[in-house]
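Working notes for the structure below.
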Amino acid sequence: MLTPQAPSKQPSVAAHTGPIVRDDIRTKVLIALRWTTLSKFSGQLVSWAVTVYVIRILSPDDYGLMAMASVPIIFFYLLNTVGLDAVLVQKRDLSERLRAQVFGIVILVNLLLFLGFLGGAPWIAAFYHEPRLTAMVRVLSFQFVLLAFETLPQSQLERDFDFGRRSIVELVTIVAGSLTAWTLARAGFGVWTLIWGSLTTTAVRTVGLNLAQRSWCWPRFSIEGIKGDLLFGRSVTVDRALRFTLADSDRFIGGKLFGNVLLGYYAVANDLASLPINKLTGLINSIALPAFAKAQLTPAGARSYLLTVTRLMSLLAFPFFLGISSIAPELTVLLLGPKWQAAAIPLQLLSLVMPLRMLMNAFQPFLWGVGRPDTSASTFLIGALTMPVAFVVGAQWGPVGLSVAWALVYPLVFLASIAYAQSLTGVLVTDILGTMGRPILASLFMYAVVFTAKNYAVFGHSGAVLHLTELVLLGVVTYTGAMLVLDREVCRDAGDVFGAFLGRHVRLFSYEPRPPREHDEVPLARR
């Protein structure tokens, strides 16, 4: 399951950050990046290999059923802490009393969700006209019993920037979940491979977090004195609910309008396209949120942080996802097998908008970290009101129609969202687009070269694996050459970040696209 992250709640911040504080934050961010990237890279090699293997064994019907069952589970998973995990990460003065109160509230909410899904599972099955969903939803609901006990240790690890131990937990979790899915798929468990794999992942992560961070306390079932925290948590909860509506209502609508088999093709294409986003969003949010929260930034400093992140993400995200789009038909058949060929066009279309979705996700920890979850929620509201309408229209043409809805409408949502945030954060639309422009141009040039080579048989009639390898290498060389011509500075910045993993000094968060203006020295307000 996806792991949402956390925001802030203090009334004000200091106007300036001293060099010692900034250097300390920079060092902690680099250490966090090193640990999380190494662990995720190792774990994802296992996870992606097993994912492809399981998809080849299971059927579109299995994945369609899992998509139907998981939509309501994931929605309430995003809300199961009512936003109070954000307070545990970002609040300056965190008392033991508040920790105990948050723990008590989280236990009660998760218990109610567990009981609600046990009783409400037949209604979900009736909505989709699929009786098999009743047992599936009831088994998945046991995750809420476990999730109540992961909030305290996870929040404390993020608060302390202790990503070494957390990375070990995530690595063990990925391997355990992957091995469970691999074993059950081989044994012929069908859709229950995905159910038990999800439960195993949640159980191992919860146990691992509690072993890594001993943060146990007796729960306190009281809301006395935490009204402000609850109001802040409400903003976070609304933010997460709107984000879900924007990003995941497509499966809800597709499952209702065209059934589980076609939904299975769409779900697999969407999962493959968004897999890097799902993994990297947790990484980005868990590092960026406490970094923004601790930095006590002026608007000029905060803008520098955000634009540097956007700049480097654009450098990697656009070529990666446009590269997937350019070879989607060959990649689908080679990795998943001929029975999944119907997922190729949705994968091709969905990959086109994934860079924008990844960049939008980077805005969330920035807005939370500088104390503006209300602005974050407002930006997601634009998509939450727009995308479901596009999905209802697109679903009339099945999985391809849903994918076209993403490709045509989401870029407009992205532009509208950053334009709205500009008026409240001072991060100009032109600054954001300026950081994206050259990677987009280089990626489009790469796409055109790969498309031409593929359709005009530039490499002759080589085998499927060799042909795909040739196309990938051509894309890498083309994009790298284009970026070296268009923007050597951002390439040097990327090299600096890579050097950080080897312990070298780097110039992070130094990008400033324009001179500071008078209003830049006004401290950012936190609610």
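The values are calculated or read from the model by the stated rules, or taken from the named source; none is laboratory data. Worth saying up front: this structure is predicted, and the values here are computed from it rather than measured. Every residue, glycine among them, receives a Cβ derived from its backbone with ideal geometry; neighbour counts consider all protein chains shown.
Look at segment 456-468: where a residue is farther than 16 Å from L331 by Cα and a partner is modelled with pLDDT of 65 or more and surrounded by 10 or more Cβ atoms within 10 Å (Cβ to Cβ), sitting 6+ places away or on another chain with Cβ atoms under 8 Å, you get V458/T452; F459/A453; F459/H467; F459/E470; F459/L471.
Looking across segment 380-415, the residues that are more than 20 Å from the chain's Cα centre (by Cα), surrounded by fewer than 23 Cβ atoms within 10 Å (Cβ to Cβ) and within 12 Å of R251 (Cα to Cα) come down to F391, V392, A395, G398. Just so you know, in segment 119-135 the residues that are loosely packed, with under 14 Cβ neighbours inside 10 Å and among the hydrophobic types (A, V, I, L, M, F, W, C) include one that is farthest from V261 (Cα to Cα), and it is W123.
Only one entry in R186, R251 is more than 20 Å from M136 (Cβ to Cβ) and either under 18 Å from the mean Cα position of the chain (by Cα) or not acidic (D, E) (or both), namely R186. When the residues of segment 431-470 are narrowed to those that are over 17 Å from V490 (Cβ atoms) and β-branched (V, I, T), which ends up modelled with the lowest pLDDT? Taking the candidates together, the pick is V458.
Within segment 426-454, residues that are charged (D, E, K, R) have Cβ atoms under 8 Å from residues that are in a helix (DSSP H, G or I) in these pairs: D431/R303; D431/L307; R438/M483; R438/L486; R438/V490; K454/S326; K454/E330; K454/L471, counting only partners at least 6 apart in sequence or on another chain.
Here A293 fits the description: buried (at least 24 other Cβ atoms within 10 Å of the Cβ) and modelled with pLDDT under 60. Note on segment 319-344: among residues that are under 23 Å from the mean Cα position of the chain (by Cα) and of a type in the set (V, I, T), the one that is surrounded by the most Cβ atoms within 10 Å (Cβ to Cβ) is T332. When each of L98, L65 is tested for being crowded, with 23+ Cβ neighbours inside 10 Å and more than 20 Å from the chain's Cα centre (by Cα), the lone residue that passes is L65.
Meeting the requirement of 3 or more residues that are modelled with pLDDT under 85, the helices (runs of 4 or more DSSP H) wholly within segment 1-103 are 19-57, 84-90. How about segment 220-238: which of its residues are in a helix (DSSP H, G or I) and surrounded by 18 or more Cβ atoms within 10 Å (Cβ to Cβ)? Scanning segment 220-238 gives D229, F232, G233, S235, V236, T237, V238. Being buried (at least 23 other Cβ atoms within 10 Å of the Cβ), of a type in the set (A, V, I, L, M) and over 20 Å from the mean Cα position of the chain (by Cα) is the requirement here; does V89 meet it? No. Checking segment 239-253 against the condition returns no match, with no residue being of a type outside the set (G, A, S), modelled with pLDDT of 90 or more and surrounded by fewer than 18 Cβ atoms within 10 Å (Cβ to Cβ). When each of N278, N270 is tested for being at pLDDT 75 or above and either assigned to a helix (DSSP H, G or I) or surrounded by 21 or more Cβ atoms within 10 Å (Cβ to Cβ) (or both), the lone residue that passes is N270.
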